[in-house]
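The values are calculated or read from the model by the stated rules, or taken from the named source; none is laboratory data. What you see is a predicted model; the values in this text were computed from it and never measured. Glycine also receives a Cβ, built like all others from the backbone with ideal geometry; neighbour counts cover every protein chain displayed. Each accessible area value is taken on the protein alone, full model and side chains, heavy atoms only, with ligands, DNA and RNA left out. Shrake-Rupley method; radii C 1.70, N 1.55, O 1.52, S 1.80 Å.
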Amino acid sequence: MIKLLKMLKAYLFDNDHDLRLRIFMFAEAATLLLLSITTIELWFCESSFRLIIMLVGVIVFFLITGSIAIRTKKINIGAIPMIFVMCFMHFTSTFLFDGGINGVAPLWFIYDVFLIAVMLSGKLRVFFFVLMQLTGLACYWYAHVHPEAIQSTMSKTVLSRNIYSFSVLFMSCVAISVLIFIIESLYESQNKIAEKQKKEIEALNASQNRFFSSMSHEIRTPINTIIGLNEMILREDISDEVAEDAINIRVAGKLLLSLINDILDMSKVQAGDMHILVDAYDTGNMLSEIVGSLWIRAKEKNLDFKVNVAPDVPAELMGDEVRIKQILTNVINNAIKYTKEGSVALNVSCEKTEEDTINVVYSVSDTGMGIKKEDIPYLFTAFKRVNEDSTKHIEGTGLGLSIVKQLLDLMNGKVTVNSVYTKGSTFIIEIPQKAATDRTIGEYDYTRNHSLVKRGSYKQKFEAPEARILAVDDNASNLMVVTKLLRDTKVIVETASNGVEALKKTLDTEYDLVLMDHLMPEMDGVECYQNIQTQAGGKNKRTKVVVLTANADEQSRMLYAQTGFAGYLVKPISGDELETELLKLLPREKVKIIGDEDGNYDDMAWMNVGKKKRIVITTDNIADIPLGLLEKYNIHVINHEVHTSEGTIFKDGIEIDTRGVLSYMKDEDHHMKSVPPDVKAFETFFADNLQYANNIIHISVSSKVANTGYENCLTASESFDNVTVIDSGHVSSGEGLLALMAAMYADSNKTVPEVVEYIEKIKGHIQTSFIVDNLSYMARNEQVSNRGANLINSLMIRPVIVAKSGKLKVGKVYFGSSKKSWKEYIRSSLGRFNDDSKFLFVTYVGINNSDIEWIKQEIRKKTDYENIIFMQASPSIAVNCGPGTFGMIYLDKDAV
């Protein structure tokens, strides 16, 4: 016993040992102690010597099997014999020879069932539980049929029997309580270790991401100078030899940039920060850019580069052009790298899958070395290169195809590989996209832009000698590149080396456009832009500002869009990109269009200038609508604020993101709260939007939820005759879905009363619910009591919060693990899903990519619906519900 206690103590404080093994040891120790005390009591109560000997034998048997189980670390070696003896030998003996239902056997029955739950798991637990119930039933039936067969070996005095019965009851309760306390303590200890490790991993990932992001930014800056000045060389009248050298410099610079992007993208994928931004793009231009950038590489290896594009492919598609180009560039680049002779071919076709969805198929074939059948499963593994003996001399990071697979997963696309070793390979990439126009691409001539390959010829788009722009950058080389690239346009370019200097210039001089770097000392570009807009006496409050930065990630793109920048250009910048952006944004009267030799440049940039929309839909940023949908349906949002317990104030989604909120709230002493815009902020917001529309319909967060800003919004709207505020009755993407439906309906040339009537009709049919992992965050924001939250969390209850009649209420509750509860929630929630709905939103907080994929697969099991939009909730939502939360929002079956 002493030896067992020493072993028990060693395992108790050693978190390296298996948790179930430690729980087994405590359960065995408690059972041995209980049996030992019972044996002593039976001795003093003059019980049968035969029963005492049996109990002693059981104790010895448990000591032996328990020691073997602990030494071998095989729990079942000790647990199964122990459960068998306790449940079927000890219980039945006690029942038959110690008073039956009037003795202590029922107490031992309860304790034995508890042991089964603690010591066993899975099917063994279920098997012994059922067997125990059958054993108990058999004993009770036997006592009913043969009551005379039930014996009592105890002393016949009532007092001794009552003392014995109470002592067994008391000790059983103590043993069960102590075991529950110990098990809870062990789990808490394990959770603390897991939480500590999680924080360390997150810190390491954050550090890694900062390093890669910084590296990308720092490398893009000198590459911008190299590629920019190299383009100026190509514009000059130079020899063929110099032109060829310059073209090689450009290709090498872009290859270096591609490698850096691969490393940065992989770090974002691993951290769950990769996002897809959907927008309309020109199919022909994208394919031309891809072919143009890779043509020279194929030519260098004397490979034929064949391109075949089906004429029925839409001329414009809705997708993430940047990422699709990255996918195709990676695959084609690989085909060129691994092909020594022969050809590389790109075939593009499409097939209509739904009324507004097209499956675009890109097929890349080569006559290269091929891939062994056994290597194909490892093609998309990061840092893994197949057939390394014959490919080790080929440059690359081993990340390209892994990133391709990750990006396709985010786009709901897929890639398949057909290959014959030594004969060649074919990669078939399918990406579902929507057509942005009814026009088709027609006969596509991939050679039309390849004069750039031969000489890098430059075709000027416009002249604007009266236009004046300000370029702001802390790097003198970048300013020189911008100035030289715009030289032929005759635009007057002034420069500033930091934000402070820029503000001095904007105070005295009116500019037609400002090109703004982001990361600068003293004052960054975002702050400088905001100061220009509010500068007292400044002459550029309404001047358009384009961010020209080396920050190429999606979060930066979203930040700049939310901040209000008129455009976004990424370094390294080409003259063509720069002129195209200026052509769109400079005042029309100051620009003289030059066009190409065929006169193909038209005035598309001015098409919508000065034309107001009849109705614009506005809402809150906490409506959790993806940026691509906001832009597509022209929905404008007003930002809420997030306040910390230290008094710091952040603009929701601009100055702090959801990850920042969750990171801050990990400290239990930290508190945050969501604060809506005040009346003045709403008045300014409405006034700004009425410049672009004759009427505003604002979809507000439910008025019956705390701190929504509905009253402030309603008060502000009273200052305008053409602003209508509607209480959505929902939160998060429930509000967002209503805003999207309203925007689509308003675009069909409807009047304000018609749109309002439509909104009121459908808002009751929007299903908004969230399953919350735990209530700790809600308790910290005083939405529920701490006692109630602790009780629910300790019982592993996962409540579902639903929006009903504008209020947030607890709907169903689920017990068990996260995934078990999520699965039941998905099954139950989708019961009212309308397959004709435009969208199914899945809005989440603090859920990693693998769990998001699992959720997606579970949803796919219940519905074939394709347009499922995964959206990370805004910081204001995250403050209240915490990590591990997700919800499904959709239009139900009863919607008209």
State whether one or more residues within segment 711-724 are closer than 23 Å to F841 by Cβ, open to solvent by 10 Å² or more (accessible area, probe 1.4 Å), modelled with pLDDT of 85 or more and touching a Ser or Thr at 6+ places or on another chain (Cβ under 8 Å). no
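Could you pull out the residue among L630, L662 that is within 28 Å of D524 (Cα to Cα), open to solvent by less than 70 Å² (accessible area, probe 1.4 Å) and either touching a Lys or Arg at 6+ places or on another chain (Cβ under 7 Å) or at pLDDT 85 or above (or both)? I'd like the intermediate steps shown before the answer.
Numbers: L662 fails: either touching a Lys or Arg at 6+ places or on another chain (Cβ under 7 Å) or at pLDDT 85 or above (or both).
Residue meeting the stated conditions: L630.
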Selection status of G368, assigned to a loop (DSSP other than H, G, I, E, B) and either of a type in the set (K, R) or at pLDDT 50 or above (or both): yes
What are the pairs, 6+ residues apart or on separate chains, where a residue within segment 240-254 that is in a helix (DSSP H, G or I) has its Cβ under 6 Å from a residue that is of a type outside the set (A, V, I, L, M, F, W, C) and open to solvent by 60 Å² or more (accessible area, probe 1.4 Å)? A243/R455
Go through (1) over 30 Å from M232 (Cβ atoms); (2) charged (D, E, K, R); (3) not in a loop (DSSP other than H, G, I, E, B) one by one and return the number of the condition E579 breaks. (1)
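Regarding segment 825-841, can at least one residue be identified that is among the basic types (K, R) and crowded, with 17+ Cβ neighbours inside 10 Å?
no
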Listed by first then second residue, the pairs whose first member lies in segment 701-715 and is hydroxyl-bearing (S, T, Y), whose partner is open to solvent by 40 Å² or more (accessible area, probe 1.4 Å) and part of a loop (DSSP other than H, G, I, E, B), with beta carbons under 9 Å and at least 6 positions apart or on separate chains, are Y710/S703; Y710/K704
Using the structure shown, decide if T353 is open to solvent by 40 Å² or more (accessible area, probe 1.4 Å), out of contact with any Cys (no Cβ under 8 Å at 6 or more places or on another chain) and modelled with pLDDT under 90. yes
Hey, does segment 665-682 have a residue that's within 29 Å of the chain's Cα centre (by Cα), more than 26 Å from K761 (Cα to Cα), of a type in the set (V, I, T) and surrounded by fewer than 22 Cβ atoms within 10 Å (Cβ to Cβ)? yes
Residue check for E754: within 26 Å of R614 (Cα to Cα) and either part of a loop (DSSP other than H, G, I, E, B) or open to solvent by 60 Å² or more (accessible area, probe 1.4 Å) (or both): yes
Here the qualifying pairs (Cβ atoms under 7 Å; residues six or more apart or on different chains; first in segment 555-580 and within 30 Å of D652 (Cβ to Cβ) and of a type outside the set (D, E, K, R); second part of a helix (DSSP H, G or I) and open to solvent by 40 Å² or more (accessible area, probe 1.4 Å)) come out as Y568/R557; L569/E577
Filter segment 135-178 for residues that are assigned to a loop (DSSP other than H, G, I, E, B), open to solvent by 70 Å² or more (accessible area, probe 1.4 Å) and at pLDDT below 70 and give the result. K156, T157
For segment 459-468, check the following and say yes or no: at least one residue is under 40 Å from the mean Cα position of the chain (by Cα), crowded, with 16+ Cβ neighbours inside 10 Å and either at pLDDT 90 or above or not small (G, A, S) (or both). no
Regarding segment 502-514, can at least one residue be identified that is assigned to a helix (DSSP H, G or I), under 36 Å from the mean Cα position of the chain (by Cα), among the polar types (S, T, N, Q) and farther than 18 Å from A550 by Cβ? no
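Here is a yes/no grid of residues against (1) of a type in the set (A, V, I, L, M, F, W, C); (2) open to solvent by 10 Å² or more (accessible area, probe 1.4 Å); (3) more than 28 Å from R323 (Cβ to Cβ); (4) assigned to a helix (DSSP H, G or I):
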{"position": "S477", "(1), (2), (3), (4)": "no, yes, yes, yes"}
{"position": "V481", "(1), (2), (3), (4)": "yes, no, no, yes"}
{"position": "L519", "(1), (2), (3), (4)": "yes, yes, no, no"}
{"position": "E522", "(1), (2), (3), (4)": "no, yes, yes, no"}
{"position": "C528", "(1), (2), (3), (4)": "yes, no, yes, yes"}
{"position": "A536", "(1), (2), (3), (4)": "yes, yes, yes, no"}
{"position": "V546", "(1), (2), (3), (4)": "yes, no, no, no"}
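Residues to consider are I855, I859, I869, I759; find the one that is in a helix (DSSP H, G or I), open to solvent by less than 30 Å² (accessible area, probe 1.4 Å) and touching a residue at least 40 places away in the same chain (Cβ under 8 Å).
Result of the check over I855, I859, I869, I759: I759.
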Of the residues that make up segment 730-742, is at least one more than 26 Å from the chain's Cα centre (by Cα), crowded, with 16+ Cβ neighbours inside 10 Å and over 17 Å from L840 (Cα atoms)? no
If you take the residues of segment 234-268 that are modelled with pLDDT under 70 and of a type in the set (S, T, Y), which of them is surrounded by the most Cβ atoms within 10 Å (Cβ to Cβ)? S267
Among (1) over 13 Å from S574 (Cβ atoms); (2) within 38 Å of the chain's Cα centre (by Cα); (3) open to solvent by 70 Å² or more (accessible area, probe 1.4 Å), where does I226 come up short? (1)
Name the residues in segment 483-500 that are part of a helix (DSSP H, G or I) and surrounded by 18 or more Cβ atoms within 10 Å (Cβ to Cβ), would you? L485, T489, G499
Does T885 satisfy the criteria of being over 17 Å from L738 (Cβ atoms), crowded, with 23+ Cβ neighbours inside 10 Å, of a type in the set (S, T, N, Q) and at pLDDT 80 or above? yes
Among residues of segment 548-582 being open to solvent by less than 10 Å² (accessible area, probe 1.4 Å) and of a type in the set (D, E), the residue farthest from I635 (Cα to Cα) is E579
Would you confirm whether or not segment 872-894 contains a residue that is free of Cβ contacts under 8 Å to residues at least 60 places away in the same chain, in contact with a helix residue (DSSP H, G or I) (Cβ under 7 Å, 6 or more places away or on another chain) and either more than 13 Å from F770 (Cβ to Cβ) or of a type outside the set (F, W, Y) (or both)? no
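Kindly indicate whether any position in segment 318-331 is among the basic types (K, R), at pLDDT below 85 and either under 26 Å from D409 (Cα atoms) or touching a Cys at 6+ places or on another chain (Cβ under 8 Å) (or both).
No, segment 318-331 contains no residue that is among the basic types (K, R), at pLDDT below 85 and either under 26 Å from D409 (Cα atoms) or touching a Cys at 6+ places or on another chain (Cβ under 8 Å) (or both).
Residue by residue, here is whether (1) of a type outside the set (F, W, Y); (2) modelled with pLDDT under 80 holds:
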residue	(1), (2)
V675	yes, no
Y692	no, yes
H698	yes, no
N707	yes, yes
S733	yes, no
A739	yes, no
E757	yes, no
I762	yes, no
Restricting to segment 542-582, name every residue that is on the phi > 0 side of the Ramachandran plot and over 31 Å from the mean Cα position of the chain (by Cα). none
